[in-house]
Amino acid sequence: MHSVKFLGAFFLLAGLLGEALPIRAEELSQRTELLIFASGEVRGFDGGQPFVESDNLLLSADLLGTWTRGRWHALAEVLLTTDEQELERLQLGWEPVPDTFLWIGRFHQPGSIWNTRQHHGQYLQPSITRPAIENWEDEGGVLPQHVEGLLFESRRPLGARRGVALSAGVGISAQLKDGALEPMKLFNPRNNDRLPSYSMQIAFLPDLTEDDAVGLLASHNELAFDPLPRSDGYDHVDLEVLGCYLDIGRGRWQLTSTAYAVHAKVSGALAAAEDRFLAGYLQLQYQLDGGLTALARLEATGGTADSAYLVLFPGFVEGRSVLDLRWDFAPRQALSLELADTHAPRKDYRELRIQWSAALP
Amino acid sequence: MERSASVKLTRRRLVTGMLATALAWPCRAQGRDHAVLVTAESDPDLSLATLEVRKLFLGFTVVHDGRVLQPVRNRSDDLLDQIFLQHVVSMSAEAYERRLLARFLRQGRARPREVRSREELLRALTSVRHSVSYAWQADVEGVPDVHVIRTLWRA
């Protein structure tokens, strides 16, 4: 029933916007473009290899292709690494009015500001790693990030220079399998017991044309266990997340912070458990001379003890301190060094990473 | 980190200003004393506001009278490129590059087409429908079908 209401509102909004300022159908101009975000990373660990990490050398290429014709857009993102090969995004979009999109396909859910800004473009990401609470599903992430369904995105003016950005997504959520979330694979779907996902973000933009933003995030995901039945009697999780964030730059400084309040209800026909926990991070960047950028990030969680949901993720990170130094040594190329001190329930460890990243061509 | 580039930009403005002054005489001698916004559109009402021009070159969709405008970045001349960065998008070359890459990554927004000579510019203006670019006034004066929208900079 929720799905029907959401879809109804989705298409009503699209219809209204489509009438507001139409783009002439005959004014078509076709463009295609391909870009590769490449990176190579060497990493070392002190205190034992983390649960989710596999090799100490990681090479990756994120291939991003787009096609535009008039108000129609298509986007495909394929990630090839020494660990995995995956179709990350595949979206077909319609732009009824300028800067308002309706997408169908596989996308990154808008309940995460980090992932909807950085995606897999390692070169544009200010640090080598992402905050643990924003980790991808196959990197030990505890929040679903990939959804198949419909996505609405709009950026509208608010007065002369300010703006508001709204994104909302509805689709098919991930499953819980072998201690990790597993999103649906678009061309290899195992559609048994896939449950719905709803997510949104709304942001105030002090300057419509800039990236500075302050906003709210919300998502509701229903996660089915696979396989079933389980010995503990659980068969699914209702995961609700509320968050707020800011991403503000002043001069050479950039402050990025996000806080999430998570409510998880693990339940089945015979058993149920409920818990709430907090997770967030505070990141500060400073641009030095000579193409250097220094970054510090503090990640923390609260209320995670005895969580019936988090116990499902053996690699969950409770806290981490990160220091990064990045050197943009050539056009579209950077070298980064990262030190991290990580606290996880099963073990603590330190990490050292060195990475080359680039945007090609 | 694009804001941080504005610090650089202030210095860059000073440097560009001095550079522009120093180059003013040879610019005048070479007919490069006026940088203008140009189009091949025949619409006499195409008077884009500064914010609209900035949005256009930052990868936003700008529609005028139902037509989606197409930005063309003119990189035929270093000074002209500096004038574009300072007076149109108001950011350093590095920050502009990162901004376009980020827009491409997030929504698949195509980056502006680039031309590297006067001939390429004139070809783009006449072959790409609803294209908008910028040029030295002397380079487009008297060219049929190319119209000056307004002056961006003068020496």
(1) buried (at least 19 other Cβ atoms within 10 Å of the Cβ); (2) within 12 Å of chain B (Cβ to nearest Cβ); (3) over 22 Å from A:Ser321 (Cα atoms) all hold for A:Asp289 apart from (1)
Reported set for the stretch A:304-348 where residues are more than 27 Å from A:Phe37 (Cβ to Cβ), surrounded by fewer than 17 Cβ atoms within 10 Å (Cβ to Cβ) and more than 23 Å from the chain's Cα centre (by Cα) is A:Ala305, A:Asp306, A:Pro345, A:Arg346, A:Lys347, A:Asp348
If we keep only residues of the stretch A:110-133 that are away from chain B (no Cβ under 14 Å) and touching a residue at least 24 places away in the same chain (Cβ under 8 Å), then the residue surrounded by the most Cβ atoms within 10 Å (Cβ to Cβ) is A:Gly111
Picking from B:Leu101, B:Leu69, the residue that is touching a His at 6+ places or on another chain (Cβ under 7 Å) and within 10 Å of another protein chain (Cβ to nearest Cβ) would be B:Leu69
Being under 22 Å from A:Asp328 (Cα atoms), touching a helix residue (DSSP H, G or I) at 6+ places or on another chain (Cβ under 7 Å) and of a type in the set (Gly, Ala, Ser) narrows B:Ser92, B:Ser76 down to just B:Ser92
Looking at the structure I just gave you, is A:Arg326 among the basic types (Lys, Arg) and more than 30 Å from A:Leu360 (Cβ to Cβ)? no
Residues in the stretch B:105-155 that are within 14 Å of chain A (Cβ to nearest Cβ) and among the basic types (Lys, Arg) total 5
I'd like to know if the stretch A:161-171 contains one or more residues that are touching a helix residue (DSSP H, G or I) at 6+ places or on another chain (Cβ under 6 Å) and surrounded by fewer than 23 Cβ atoms within 10 Å (Cβ to Cβ). yes
If you go through A:Asp211, A:Asp232, the only one that is under 19 Å from A:Ala168 (Cα atoms) and outside any strand (DSSP E or B) is A:Asp211
Exactly one of A:Ser231, A:Ser219 is at pLDDT below 95 and either over 22 Å from the mean Cα position of the chain (by Cα) or on the phi < 0 side of the Ramachandran plot (or both), and that residue is A:Ser231
Checked the stretch B:61-76 for anything buried (at least 19 other Cβ atoms within 10 Å of the Cβ), in a loop (DSSP other than H, G, I, E, B) and in contact (Cβ under 8 Å) with a residue 40 or more places away in the chain; matches are B:Leu69
Checking A:Asp289, A:Asp193, A:Asp275, A:Asp232 in turn, the sole residue that is charged (D, E, K, R) and under 28 Å from A:Gln91 (Cα atoms) turns out to be A:Asp193
Just wondering, is there one or more residues in the stretch B:120-130 that are of a type in the set (Gly, Ala, Ser), assigned to a helix (DSSP H, G or I) and farther than 22 Å from A:Phe37 by Cβ?
yes
For the structure I just gave you, tell me whether A:Glu274 is away from chain B (no Cβ under 14 Å) and surrounded by 15 or more Cβ atoms within 10 Å (Cβ to Cβ). no
A careful count of residues in the stretch A:296-333 that are acidic (Asp, Glu) and either within 14 Å of chain B (Cβ to nearest Cβ) or part of a strand (DSSP E or B) (or both) gives 3
The residue from A:Tyr286, A:Tyr281 that alone is under 22 Å from the mean Cα position of the chain (by Cα), modelled with pLDDT of 90 or more and in a strand (DSSP E or B) is A:Tyr281
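The values are calculated or read from the model by the stated rules, or taken from the named source; none is laboratory data. Small disclaimer: the values here were computed from a predicted structure and weren't measured. Every residue, glycine among them, receives a Cβ derived from its backbone with ideal geometry; neighbour counts consider all protein chains shown.
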